[in-house]
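The structure appears below as structure tokens.
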Amino acid sequence: MKKNQQGFTLIEVLFGIVIFAFGILAVASMQLHGIRANYLSATLTEATTLAGDRLEKLMASDYDDTVLDEGTHEQTWGEYTVSWDVVVDSPVVDSKTVIMTVTWSERGSQRNVTMQFIKANV
């Protein structure tokens with residue numbers, strides 16, 4: 001065997017492949033977390049938009065409309081459950097406090113978005 005042979009030994013190649021494999025696994029893991037975060041972001045944005053839309057419709061309703069009757073109201077929109085609680089004369093007389101909550105299930109856990117507004121009797 002000559003002393004000045006060039007090239008890599010089998011052990012060097014195997015170590016290189018192992019290091020490369022760990023790098024690829026790390027990148028794949030980051031991709032998976034990124035996809036999950038994008039999905040969470042999309043559902044959160046959709047729920048917030050739905051809550052804002054429903055809240056605007058309630059704000060545009062007359063003070064005496066049945067959708068603003070005291071108590072809890074609920075509707076289902078696809079995978080989302082929209083509920084709103086109406087409290088009369090809170091925080092002052094001739095006003096209604098509306099608390100809007102959009103709830104959905106994601107990967108076995110309940111998530112929600114909550115907004116509120118006060119409707120005055122003017």
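A short reminder: the numbers here are calculations on the coordinates, not readings from a lab. For clarity, every value in this text was computed on a predicted model and none was experimentally measured. Glycine also receives a Cβ, built like all others from the backbone with ideal geometry; neighbour counts cover every protein chain displayed.
When N is the residue count of the stretch 1-108, what does its C-alpha Rg come to as a fraction of 2.2 N^0.38 Å? The partial results should precede the final answer.
Details: Rg = 29.0 Å, N = 108, 2.2 N^0.38 = 13.0 Å.
Compactness ratio reported: 2.22.
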Worksheet item: Helix 10-60: angle to the longest alpha-carbon principal axis of the chain, degrees 0 to 90, nearest 10?
Response: 10 degrees
Item to complete: Just grab the label-to-label distance for N112 and I99, each label 7 Å out from Cα along the Cβ direction, in nm (one decimal).
Response: 0.8 nm
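Sort H33, H73 by Cβ crowding within 10 Å, fewest neighbours at the top. Intermediate results must be reported in sequence, preceding the final value.
Values: H33 10, H73 16.
Ordered from fewest to most neighbouring Cβ atoms within 10 Å, H33, H73 come out as H33, H73.
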Worksheet entry | Proxy reagent accessibility, fewest Cβ within 10 Å first, across R54, R36, R111 | R36, R111, R54
Worksheet item: What does the stretch 45-96 give for Rg and for Dmax, in Å, if only its C-alpha atoms count?
Response: 12.0, 36
